[in-house]
1. Per 0.36 nm of contour for each residue apart, how much would the distance between B:LEU177 and B:HIS196 grow if the chain were fully extended, relative to their Cα-Cα spacing?
2. Mind giving me the nanometre distance, one decimal, between the label points for B:LYS225 and A:TYR63, set 7 Å out from Cα along Cα→Cβ?
3. Where is the GNM fluctuation largest for chain B (alpha-carbon springs, 10 angstrom cutoff): B:LEU29, B:LEU189, B:LEU21?
4. So, R0 is 25 Å and r is the distance between the beta-carbons of A:LYS45 and B:MET125; what FRET efficiency does that work out to, to 0.05?
5. Quantify how strongly other chains surround peptide B:205-213 by giving the mean number of their Cβ atoms within 10 Å of each of its Cβ atoms.
6. For the protein assembly as shown, give the magnitude of the charge dipole about the Cα centre (Cβ charges: +1 Lys/Arg, -1 Asp/Glu; no others), in debye to the nearest 20.
7. By its C-alpha gyration tensor, with a ≥ b ≥ c as the square roots of the eigenvalues, how is the protein assembly as shown shaped: rounded for a/c under 1.5, else prolate for a/b larger than b/c, else oblate?
8. Which one of B:VAL229, B:GLY20, A:GLY68 is farthest out on the positive end of the charge dipole of the protein assembly as shown, using unit charges on Cβ (Lys, Arg +1; Asp, Glu -1) and the Cα centre as origin?
Amino acid sequence: MKEAVVDNSTKVTIRDVPIPKPAAGQVLIQIVVSGTNPKDWKLPKWFQKDGESKNTGDDIAGYVAAVGEGVVGFRKGDRVAAFHEMQSDHGSFAEYGIAWDYSTFHLPEKTSFEGK
Amino acid sequence: MLTKTEGATIPLAAMTAALGLYQRLELPLPFRPAKSDIPLLVYGGSSAVGAFAIKLARQSNIHPIIAIAGKASEFVEKLIDRSKGDTIVDYRKGDEAVVEGIKQALGEKKLLHAYDATAEGSTGMNISKVLEKNGIVTAVLPTVKVADGVDLRQTMVGSVHQPEPSPTGGAFKERALGDAEFGSIFFPLFTRGLAHGWFTAHPHEVVPGGLEGVETALQNLEAGKASAVKYVLRIADSKDAGQDKI
């Protein structure tokens, strides 16, 4: 799959990497839309060494592609958004990303519904 | 239908807003709202974090909200509730005018809570001038500067993934219950808020090119071009996307 990585001059490179596998407690998400945040350029600029590049995106929206061991509340195909663990691998600038189940949440089909 | 594009504007920024309001400033939760006035200053009211903070604060019945904003004041106007005393102070008139504007908005009321979603330049010092001695300020960047003696509590949203060690070494020896647990209840609460319509996404702008657009998006963020908007990327727009399947 394609993944975008950011260096300490905010230069971005696209590279081919294997689709990651979710560990226990994690959700693999096929990313439809990635958000961006100011920290996505700040952290590389402030902390990364020359030549070091990271997928710094953390805001994920897409479909659950697989779940790791022990994950409850999500199954393949669910529409979700997720906060990826900052500074860890497999962020949102890619075709697939990894998030912890407790920082993943369902996106409702409708913005309002009858009921409680 | 809530689109995935809208969904992508929410996770980091909305959790930052929630953590700051409830875990750092210790304000009443949306499901146990305030019963009397709690003035709240929100610096950077049109930023994603600031706007989500205002939305959540309103659910917590926290008023009056004094939002600091500039050219995106029109957007912030739609978030606040003037009938509850909320107001906007324009930062573009300079530090003195901001401090004076906040004091005027407060009147006789005491400011004990401030959310600094900008945390750059003079924001922390301006807040220091209007905050009571026993007040609390939370800021989203460690670079913020406040006056000596001000109770500054950093909101670093990564804390939901970095559980703190247990202070007691008690029954749950490995770690304390804290921001991770807060995250685990608040992310699903966003789902419920979105479904019921009391919580909404931040405005967005799709940057073309998918992954090839990441560099443009980050450079525009760095240049300070984003105003009341979150840049998002549609991954399917990327060159050669969709070749690998699981």
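Nothing in this text is a laboratory measurement; each read-out follows from the coordinates by a stated rule. The model shown is predicted, which means the values in this text are computed figures rather than measured ones. Positions of Cβ are backbone-derived with ideal geometry, glycine not excepted, and every protein chain shown enters the neighbour counts.
1. Taking B:LEU177 through B:HIS196 to full extension adds about 4.0 nm, to one decimal.
2. Going by the 7 Å Cα→Cβ label model, 3.2 nm.
3. Among B:LEU29, B:LEU189, B:LEU21, the largest GNM mean-square fluctuation belongs to B:LEU189.
4. 0.55
5. Across B:205-213, the average partner-chain Cβ count within 10 Å equals 4.
6. Computed charge dipole of the protein assembly as shown: roughly 680 debye.
7. prolate
8. Positive-most Cα among the choices belongs to B:GLY20.
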